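Data block below; observations after.
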Amino acid sequence: MNTQKQKQLPKQTVMVKPYTISELARIYGVCRETLQKWINEFKDEVGERKGRYYTIPQVKIIFENLSVPYTIEVE
């Protein structure tokens, strides 16, 4: 059996700041409609946007529930 060492995931940073739904969708690499469906699963926890933007506490809740997006390299 061939065993391989696990590769460490590269560290990435995503600034936690107010975001629009379009900006968050770009971060996650999906369309706005898809991200909105994902957020609707925990909408009560996130609450309503303030104007066009999700606030910093709301963005933190979104990142905690959906995980911060990252990429991996596959062979």
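Results, tabulated for the structure shown:
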quantity	calculated
Counted residues, the range 13-47 - those being over 17 Å from Lys60 (Cβ atoms) and in contact with a Lys or Arg (Cβ under 9 Å, 6 or more places away or on another chain)	2
Members of the range 10-21 that are surrounded by fewer than 15 Cβ atoms within 10 Å (Cβ to Cβ) and not in a loop (DSSP other than H, G, I, E, B)	Thr20
Count - residues of the range 36-75 that are out of contact with any Pro (no Cβ under 9 Å at 6 or more places or on another chain), of a type in the set (Phe, Trp, Tyr), assigned to a loop (DSSP other than H, G, I, E, B) and open to solvent by 60 Å² or more (accessible area, probe 1.4 Å)	0
Close pairs (7 angstrom Cβ cut-off, 6 or more residues apart or separate chains): more than 20 Å from Val14 (Cα to Cα) in the range 37-64, modelled with pLDDT under 95 and open to solvent by 80 Å² or more (accessible area, probe 1.4 Å) anywhere	none
Matching residues, the range 22-35, being in a helix (DSSP H, G or I), open to solvent by 40 Å² or more (accessible area, probe 1.4 Å) and either in contact with a Cys (Cβ under 8 Å, 6 or more places away or on another chain) or under 15 Å from Val68 (Cβ atoms) (or both)	Glu23, Arg26, Ile27
Filter result (at pLDDT 85 or above and of a type in the set (Val, Ile, Thr)) within the range 37-75	Ile39, Val46, Thr55, Ile56, Val59, Ile61, Ile62
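The values are calculated or read from the model by the stated rules, or taken from the named source; none is laboratory data. Here the structure is a predicted model, which is why all the values come from computation and not from measurement. Cβ atoms come from the backbone with ideal geometry, glycine included; neighbour counts cover every protein chain shown. Surface accessibility is based on the protein's heavy atoms, side chains included, excluding ligands, DNA and RNA. Shrake-Rupley method; radii C 1.70, N 1.55, O 1.52, S 1.80 Å.
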